[in-house]
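Working notes, beginning with the structure itself.
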Amino acid sequence: MNAHNRTLLTVICEAALEKRLLADLETLGAPGWTISDARGRGHRGVRSAGWDTEGNIRLEIICNREMAERIAEHLQVRYYDHFAMVCYLAQVEVLRGEKF
């Protein structure tokens, strides 16, 4: 097995931001992403996935560290002050490094 180190950027945010985020990711050159519905509770209260724009989404991007930091910084500057959003980075090992 030949594993390759990459960075996983996870973003949990309001579902209403999905279209904006996808446009941002295209512009910033993200290699790909996965989006899923998310539910939970945080300092802004309970968020359900019962309504298309009222729930949360979980956005995951596996890429190199530089790209992950560039995307995270962009999201922080553009969205943190006005929307419920959490971003975190984790080092991961992938088996098909050329895809990321």
Revision key, fill the gap. Expected output for segment 14-27 (first residue not in a helix (DSSP H, G or I), partner not polar (S, T, N, Q), Cβ below 6 Å, 6+ apart or cross-chain) is 14/83; 14/84
Exercise for review: Could you tell me whether any residue of segment 33-41 is within 20 Å of residue 96 (Cβ to Cβ), surrounded by 11 or more Cβ atoms within 10 Å (Cβ to Cβ) and either at pLDDT 95 or above or not small (Gly, Ala, Ser) (or both)?
Suggested key: yes
Check your understanding: When residues of segment 59-100 are filtered for being in contact with a strand residue (DSSP E or B) (Cβ under 7 Å, 6 or more places away or on another chain) and either in a loop (DSSP other than H, G, I, E, B) or in contact (Cβ under 8 Å) with a residue 60 or more places away in the chain (or both), how many remain?
Key -> 20
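The values are calculated or read from the model by the stated rules, or taken from the named source; none is laboratory data. All figures in this text were calculated on a predicted structure; none of them were measured in a lab. As a convention, Cβ positions derive from the backbone with ideal geometry for all residues, glycine included, and neighbour counts pool all protein chains shown.
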